[in-house]
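Just so you know, all these numbers are worked out from the coordinates, no wet-lab data involved. The shown structure was predicted, so the numbers you read here are calculated from the model rather than taken from an experiment. Cβ placement follows ideal geometry from the backbone for every residue including glycine, while neighbour counts extend to all protein chains displayed.
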Amino acid sequence: MMPKRTVLLLVFSLFLAACAGRSGTAVDDPVFDDAVTGPGTATRGVGDRDFGRGDAFGDDVARPGPQGGVLDSRVIYFDFDRSDVRPEYTEMLQAHGRWLAANPQARLRLEGHTDERGTREYNIGLGERRAQAVRRVLLLQGVDSSQLVTVSFGEERPAVIGSDEEAYALNRRVELIYVQ
Amino acid sequence: MLRRLSLVTAAMLLCLAGPAKGQLEIVISRGVDKPVPVAIVPFGWDGPGEAPIDVAAIVAANLERSGRFAALDRADMLQRPTTGAEIDFRSWRMVAVDALVVGQLQQSPNGDYAIQFQLFDALRGEQLLGYRLPVSAAALRSGTHRVSDLIYERLTGVPGVFSTRIAWVSVSRAGRADARYRLVVADADGENEQVMFESPQPIMSPSWSPDGRRIAYVSFENGVAEIYIQTLRTGDRIRASARPGVNSAPSFSPDGRRLALTLSRDGNLDIYTLDVAGQVLTRITDWPSIETEPVWSADGRTLYFTSDRSGNPQIYRVGSDGGRPERITFEGRYNARPRLSPDGRQLAVVHNDRGNYRIAVLDLARGSIQVLSDGRDDESPSFAPNGEMIIYATREGGRGVLATVSADGRVRQRLSSGGEDVREPAWSPFLLAN
């Protein structure tokens, strides 16, 4: 199991390194310009790194962070246009909070998401607000602020593709992602 | 170098000469009910082999896409003149066209081309416009769009936008771990698509610089939202803002030196301006709600933005050096992502209309809102630089597609997207000084 995970992490860090060093691609500038580049150059430097974002895969790959019982729950869902954490998640967040307080070297990334309705940038705000709401609950559990980082993806990374209430409900979420 | 000189010269001559000023005989009906009948006669070809491009077909398609013109079918043309001298105007009156374009595409021995055309008032037999444009092989399409712009402006009095460009974000395998996000730039007719930037992580909010040479956008390539500015010609890019938290919603100031943007320093989104070269950051709003989606007025003095400080998203305006924001939308419970019309009189917004997110325009003087689109989840409106059309994103068959609507709501079109999931169109400014 460990070698597999090591490989995965290696791939992921290589990918991050590739991203960090990558520059953009040329696109020809305005109309009457003979510096027009051919279609072949339009994808220069971006064509051959066709691998994904390196998420955990398969049931046998253990996720980082605490395991067992309510600690295996890593997603908090929200009502439409709301960012308050529903009472049903209190127990789960308390468990994660206690574990983080007891393991001050652990780091948790809170990724906020929204459904597809409304404007994309406003949804970035809404996703951030949801991630912050979860962060506040964890801080109350004695988690140090340096252990937590929030990221909002707005509606850009849906968990489920679809334009119905069921998909919307599954996409309005904060994911708890332990970082090693 | 020689070629470049001749192109620059051609562009300068066009700028200096401008369209010929004369009596405008053709009355344009704005409705789709009465498009003006025009004939774009197939262009003559003076060169070896086949003509590399069908100039007349592209011009006709451009004019028809505006919704203001109906191009005569080639099968209904009684003659096919390629110069003014060959035109028999009686035969064009018989097919009831108001305007007539004839021309030729020529290739010179050095491989360059020239597009020569004349626009006639078909009823009076008078020439309204005549040009000869030298273009390189690579610029044939854009030269043809420029021809369309000149014809459009002569007939309508409004500059054409056929030689402008559109940027958008496309996604394949959305929602999967192997998703690919692409920032794409294409001609205004959707052709000549080129990928500027590609990433396995989301790309958002492309925004043109006022000179059309750079695009600012948000990229999650490092796992968080960061703002980049990329130069189209070279592909070079800089990371303009990667501060802790959200870096999003970039918008260039009219002088191209500053960005308005959204940052979250304390977990809460607020509007800032950033002097890009000096990295001087100025806080514009400071409120415990979501403030985002800033856009500049043409004079650079005002920022329009979205805030939900009232409990739901509404549009506000504030001085670009700060001050007290003033709410300007009151109709409906959701108005967001403002974009100013080129004349500064209207804001295109996303407006919740009885449960559906639609594109609407807010008349700034009267405060009234007119809904222009009819989708369920329409977003990202962007004005054409002549103010006549708005491009936006809508959904069709479970994926994102682009659509345009005229600013008066009468002409509506869907742009094909070749099966990709596309979103966030941004119309470029004019790319040539007029």
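Observations on the structure shown:
- Cα-Cα separations in segment B:205-313 greater than 21 Å, expressed as whole percent: 31
- Per-residue Cβ neighbour rank within 10 angstrom, fewest leading, B:VAL411, B:VAL161, B:VAL41: B:VAL411, B:VAL41, B:VAL161
- Fewest-first ranking of A:LEU93, B:LEU100, B:LEU281, using other Cβ atoms within 10 Å as the exposure measure: B:LEU281, A:LEU93, B:LEU100
- Based on Cα contacts under 8 Å between residues 6+ apart, chain B shows a relative contact order of 9 percent.
- Between helix B:55-65 and chain B: long-axis angle, C-alpha atoms, 0 to 90°, nearest 10: 50
- Chain B, Rg to Rh (Cα coordinates; Rh as Kirkwood inverse mean 1/r): 1.00
- Value of Rg to Rh for segment B:276-392 (Rh from inverse mean 1/r over Cα pairs, i.e. Kirkwood): 0.97
- Relative to one another, the C-alpha centroids of segment A:106-180 and segment B:380-395 are positioned 30 Å apart.
- Cβ crowding within 10 Å ranks A:PHE153, A:PHE80, B:PHE197 as A:PHE80, A:PHE153, B:PHE197, fewest other Cβ atoms first.
- Inter-probe distance in nm under a simple model that places probes 7 Å from Cα toward Cβ, at A:GLN67 and B:ARG176: 2.9
- Each Lys and Arg contributes +1 and each Asp and Glu -1, all at the Cβ; summed about the Cα centre of segment B:109-158, the dipole is approximately 60 debye.
- Normalised radius of gyration (Cα atoms, divided by 2.2 N^0.38 Å) for segment A:69-179: 1.03.
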